Amino acid sequence: MYRVINKRELVKRLFLYFVPLALIGVLIGAPFLLLLCGTSALLYWHYRQLYKLSDWLLNQRSFNPPEGEGSWEQIFEGIYRLQHRHRKKRNELADLIRRFREGSEAVPDGVVVLQFDLSIVWSNKIGLRLLGLKWPMDHGQRLDNLVRHPKFVDYMHEHNFDKPLELQSPINSEQELEFRVMPYANSQLMLVVRDVTLIKQLEQMRKDFVANVSHELRTPLTVVTGYLEMMDEDNLPPPALWAKAQKTMLEQCQRMDSLVNQLLALARIENSTDTESNKQINVEKMLHLIRHEADRLNQEKGHQINFKVTPNLHLLGDEDELRSAFSNLIFNAIHYTPNGGEIEISWQRTGANCAEFKVTDNGDGIAPEHIHRLTERFYRVDQARSRKTGGSGLGLAITKHVLSRHNSVLQISSVVGEGACFSFSFDARRVVELESES
């Protein structure tokens, strides 16, 4: 522990150094000469200590200070402690910056730190990817020179950041970005970039859903209302017209009833979290019943339908839901394959105790841009053909959610002009293979 030397102590030390020199100088008859020699020696000693301090500060080969003497020992120790505090503060600051950057990298949005003149200070990896920036080449560059969209430039220059800016991505025309700016400190801005493409797509799907439901219900209601307006007590239509009107109104009412039932079924499946039933289902028997319905639908189409079903290959799940998933794929193939086509339906064992259901046709096929949207509600590749076949656009949406509840996924592959293949599989947890009866 070093003792602190105050001003009084220094004066005392100088007094004790020069007074003896003066007394000795008086005794030998040369007081000024002796004082001059003593002062020169003191200056040499101080300059020597100063050189050691300068050499240590400029050519610091060790963090520890050199050995000091006298009052210089306190100076060396004070500088050492000051450096130690500064190094500790510097390490704490570096650790804080490191944790800030790690936190910013963990944020699912892009974060870009800007000076008030829009020059880039720092950006996380997501920000670099969303804006197409290159690091460290773009460090110090003005962001409005790199993202040149007029709306973005105006937004950043107006400094009115109360509302976010939504803009098309500068590097991907199919991506929608949301920009939020938060001023902080005295001269810096934090730009947060969020990919809102999925949110926009969901919002558009919601709007399409409402519009499609309205359209699907309005068409039969218009037909029924039109016939009813033609009828009154004093002007009843002739029997032939009435028979036609009654048949048409009944068909439209059945169409509305089917649509409402499908919507209710879809809502029920979506709101259920787990499969309520794990009943063992005889898939061979279920497909046999579906085949009878398929044959009735196929009377006007004239397709060649081949069933390849492995016997004694059962499933655990909800029978009504799985029946709708199996039948939707089969009926869709019959409806949308041109007359006289070939349809192959298989329920086969695959892999280790797994099973796969597959429906393959040689129809017109589906373009790649439509495949990922086929399971959206009311989405149709060909609106005119769907209305002609009477499809509601809900079958594949129901199938998707049924399979999700049974730990499976609908797989779709197609080549335009060559046909399509719809399939899904179940793992060993849901497949039960019984022994064949001898």
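Wrap a convex hull around the Cα atoms of the stretch 272-376, take a quarter of its surface area, and give that in square nanometres.
Working: hull surface 31.9 nm².
Mean shadow area of the hull around the Cα atoms is 8.0 nm².
With Cα atoms as the point set, the stretch 81-134 shows a radius of gyration and Dmax of 14.8, 47 Å.
Compared with the dominant principal axis of the Cα atoms in the chain, helix 71-106 is inclined by about 10°. Here's how it looks for Ser123: its modeled amide H is under 5 Å from those of Val113, which are all 5 or more places away or on a different chain.
Take each peptide in 157-164, 118-125, 168-175, count the other Cβ atoms within 10 Å of every residue, and average; sorted highest first, the result is 118-125, 168-175, 157-164. Measuring with a 1.4 angstrom probe and ignoring ligands and nucleic acids, Thr39 comes out at about 50 Å² accessible. Site pair Trp242 and Glu433 shows an inter-label distance of 6.4 nm when each label is modelled 7 Å from Cα along Cα→Cβ.
For the stretch 52-108, give the percent of accessible area contributed by carbon and sulfur heavy atoms, probe 1.4 Å, rounded to a whole number. Show your work: numbers first, answer last.
Details: 2330 of 4240 Å².
Result for the stretch 52-108: 55 percent of the exposed heavy-atom area is carbon or sulfur.
With the alpha-carbon atoms of the stretch 1-117 aligned to their principal axes, the span from lowest to highest coordinate is 88, 31, 26 Å, starting with the largest.
Taking every Cα-Cα distance in the stretch 91-169 and sorting them into 10 Å bins starting at zero, the pair-distance distribution P(r) comes out as 17, 47, 30, 6, 0 percent.
For Glu229, Glu77, Glu92, give me the order by solvent-accessible area with a 1.4 Å probe, most accessible first, ignoring ligands, DNA and RNA. Can you show the working numbers first?
Details: Glu229 140, Glu77 30, Glu92 95 Å².
From most accessible down to least: Glu229, Glu92, Glu77.
Label separation (Ser187 vs Ile371): 5.5 nm, computed from points 7 Å beyond Cα along the C-beta direction. Computed over the chain with a Gaussian network model linking Cα atoms closer than 10 Å, the most mobile of Asn282, Asn298, Asn64 is Asn64.
By how many degrees, between 0 and 90 and to the nearest 10, does the Cα long axis of helix 31-58 differ from the longest principal axis of the chain? Long axis of 31-58 versus the principal axis of the chain: about 10 degrees.
Take the Cα radius of gyration of the chain and divide it by 2.2 N^0.38 Å, with N its residue count; two decimals is plenty.
Numbers: Rg = 42.8 Å, N = 438, 2.2 N^0.38 = 22.2 Å.
Scaled against compact globular proteins, the figure is 1.93.
Residues whose amide H comes within less than 5 Å of that of Phe378, counting only those at least five positions distant or on another chain, are Leu394 (H built at 1.01 Å from N in the peptide plane).
Here the gap between Glu102 and Glu300, fully extended at 0.36 nm per residue and compared with their Cα-Cα distance, gives a gain of 64.8 nm.
Under Stokes-Einstein, with the Kirkwood radius over Cα pairs standing in for Rh, what whole-number D in µm²/s applies to the stretch 108-214 at 37 °C and 0.692 mPa s?
Details: Rh = 14.7 Å.
Result for D is 223 µm²/s.
A helix-only calculation puts the chain at -17500 deg cm²/dmol for mean residue ellipticity at 222 nm, using -39500 (n - 2.57) for each DSSP H run of at least four residues, averaged over all residues. I'd like the antiparallel share, as a percent to the nearest 5, of DSSP beta bridges with both residues in the chain. Counting only bridges with both partners in the chain, antiparallel ones make up about 90 percent. Seen against the Cα atoms of the chain and their longest principal axis, helix 283-297 is set at about 60 degrees. Sorted largest first, the spans of the alpha carbon positions of the stretch 132-195 along the three principal axes are 36, 30, 19 Å.
Per residue, how much accessible surface does the chain expose to a 1.4 Å probe? Answer in Å², no decimals. Write down the numbers at each step before the final one.
Details: 27640 Å² over 438 residues.
Solvent-accessible surface per residue comes out at 63 Å².
The values are calculated or read from the model by the stated rules, or taken from the named source; none is laboratory data. In this text, all values refer to a predicted model and were calculated from it rather than measured experimentally. All Cβ positions, glycine included, derive from the backbone under ideal geometry; neighbour counts span all protein chains shown. Remember, those area values only see protein heavy atoms, side chains included, never the ligands or the DNA or RNA. Shrake-Rupley method; radii C 1.70, N 1.55, O 1.52, S 1.80 Å.
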